[in-house]
Amino acid sequence: MSQTTPYPAASAGSIAVLSGDVTARSPRGLRASRNRRLQLFRVVVLLLASAFFLVPFLAMVEFSTRGTGVDAARTLDAWRRIATYPNLISAIITSLELSVLTSVASLALMVPTMIWVRLRLPRINRLVEFVCLLPLTIPAIVLVVGLVPVYAWVNYLSPGPLKGSSLVLTFAYIVLVLPYVYRALDAGLRAIDVQTLAEAARSLGAGWPTVMFRVVGPNMSAAILNAAVLCVALVMGEFTVASLLNYVNLQYELNNLGQADASVSVAVAVGFQLFVVALLVGLSFIGRRRGSKEA
Amino acid sequence: MTDSATMVGGRPSGGGRRLSWSWLGALPFFVYVGLFLLLPTLVVVFGAFVDPSGRPTTANLSALGQDFVVTSFKNSIVLSAESGLIGALLGAVVAYAIATGRPEGGLRRTFVAASGMLAQSGGVTLAFAFIATIGGEGFITVLLRGQGIDVSPTLLFGLSGLTIVYAYFQIPLMVLVFLPALDGIRPQWREATETLGGTSWHYWRHVAVPILTPPFLGALLLLFANAFSAYATAAALISQGSIIAPLQIRVALTSETIAGQENVGKAIALGMIVVVGVVMALYTLLERRSARWLKK
């Protein structure tokens, strides 16, 4: 491979020297032919990769629109049947509620903490980072084992109407999204001069809440939005904790439904995947608009 | 930097009282992660060494020596190594194809964004996607059947099936992790090789590969840990049985009926922490080494 995949140092301009047969053997001519082989290699690799990643998704679309019987026409029957599963609908609502709760709660915890640590406790910056990234190292399946007794207490302490409600999953989800929220907010904080902003606000008589919510916060709104969207995407797709602690959410219900009505569950899976894509595409558009405004 | 930070309050800090007020600001965070991250971890670590009534014992750890547990760990390691290696090799090729394009191009942005999404795609949906592709009545299965080729209906429920499915999130993760390393390679290094009379082969053999080896191995370890920790996809694919360690934990958690075995799940979980911990420690070492050349 190493000989056929040369480095792209050749510039597009060097193609101009290609024609002469003397120059073809010169280093610049060599570079031009190397460049062409590189472009071919890139096209082939990226096409194959796209196929590998698109085919399973398209197969789901195909699967969910199959008619019953051999050579049956395409049908949206499975898609229509989604509405006939009330448990599924309520699970979708639960997951949406969970994603809102998790985004709001994790931002409420992390935005003030991270700004505060930057400004007043820079010494523990590394410690906070280490703790926040820990859930990447501790597998969720391991965390669940330890969460079982913790959740026995959560259930015991939660007030009547919340007992047994899936919404208590929020506590675990805040931990699961911690690394992603941390990274998003960290990128936002790096992009602005927190110290100067805070000093300016303080010297004009602002209190700490004003500094956080009216000065620094709005300056990192893109990062906050980014973190919130990641929370939504992660929570909507969460299965491990919910299924092992026995709380119903979208993925839990989807998995159960998979055994009863495969076409409907695949249709919902397609819908879920499209939802995630739409979220991320929307986010990238907002990010770009913001970026160009600042530039 | 530190100076301005301590001056923000308008007065220099340093007095014991002010310091304690500052700590108070970080308290909610530490209380929270203490309760929902560190406490569960400690429950696993200590729970592995006590029996259900709380007396210290090594019985849980010796349960780790049982054949089915050993086999599940062995399977997990094989699956993680294979899917890690496939993911690392193919992911590196894809990353190279992306890195050699225009740095600000739409193609690159699209592929990086897609990789970010796909690297997180493990779960029930991914399991369904592969059932719809190479499962018993999957799209590819039906297509191949028309050509007279049979895909084993149990392919997806074994280790080789899991390896294919895991590659779906391992390759994109590799792209994300390895792309910065490829971006760190400077064109000047190739030019220097050429100025000294070196060929493409010399460049790859003596410059690019030696520099890229530590980040490649680091990424490989990360992919290993990623596959080793993965649960949701396998759980959705394989509803009964437990060929890999995470599924063994499911059995321990959902059938806590055998007296005295309640904490075996914690021992298996501890075993997983140890494996992932060792792998991640090696990863940190390699990271430090590769940072030497590829610093931005």
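The values are calculated or read from the model by the stated rules, or taken from the named source; none is laboratory data. Owing to the predicted nature of the structure, the values given are computational and were not obtained by experimental measurement. Every residue, glycine among them, receives a Cβ derived from its backbone with ideal geometry; neighbour counts consider all protein chains shown. All accessible areas refer to the heavy atoms of the entire protein, side chains included, with ligands and DNA or RNA removed. Shrake-Rupley method; radii C 1.70, N 1.55, O 1.52, S 1.80 Å.
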**OP:** Kindly indicate whether any position in region A:186-201 is over 17 Å from B:LEU39 (Cβ atoms), in the same structural domain as A:MET220 (by TED's automatic domain parsing) and not in a helix (DSSP H, G or I).
**Re:** yes
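Grab the helices (runs of 4 or more DSSP H) fully contained in region A:57-175, keeping just those with 2 or more residues being facing another protein chain (nearest Cβ under 8 Å).
Values: elements: A:77-81, A:86-120, A:125-137, A:140-157.
It comes to A:86-120, A:125-137, A:140-157.
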Subject >> Test set (1) free of Cβ contacts under 8 Å to residues at least 12 places away in the same chain; (2) surrounded by fewer than 22 Cβ atoms within 10 Å (Cβ to Cβ); (3) within 12 Å of chain A (Cβ to nearest Cβ); (4) in a helix (DSSP H, G or I) - B:LEU144 fails condition number >> reply: (3)
Original post:
Taking region A:190-240, which residues are open to solvent by less than 60 Å² (accessible area, probe 1.4 Å) and of a type in the set (Asp, Glu)?
Top reply: A:GLU238
Subject >> Search result, residues across region B:216-241 that are at pLDDT below 90 and more than 12 Å from chain A (Cβ to nearest Cβ) >> reply: B:GLY241
Subject >> Criterion violated by B:PRO187 - all others in (1) out of contact with any helix residue (DSSP H, G or I) (no Cβ under 7 Å at 6 or more places or on another chain); (2) crowded, with 19+ Cβ neighbours inside 10 Å satisfied >> reply: (2)
Subject >> Residue count for region A:246-268, restricted to those that are of a type in the set (S, T, N, Q) and open to solvent by 40 Å² or more (accessible area, probe 1.4 Å) >> reply: 3
Original post:
Does A:TYR182 satisfy being open to solvent by less than 50 Å² (accessible area, probe 1.4 Å), more than 10 Å from chain B (Cβ to nearest Cβ) and farther than 20 Å from A:GLU97 by Cβ?
Top reply: yes
Subject >> Candidate set from region B:1-51 (those that are more than 9 Å from chain A (Cβ to nearest Cβ) and within 32 Å of the chain's Cα centre (by Cα)); member that is modelled with the lowest pLDDT >> reply: B:ASP51
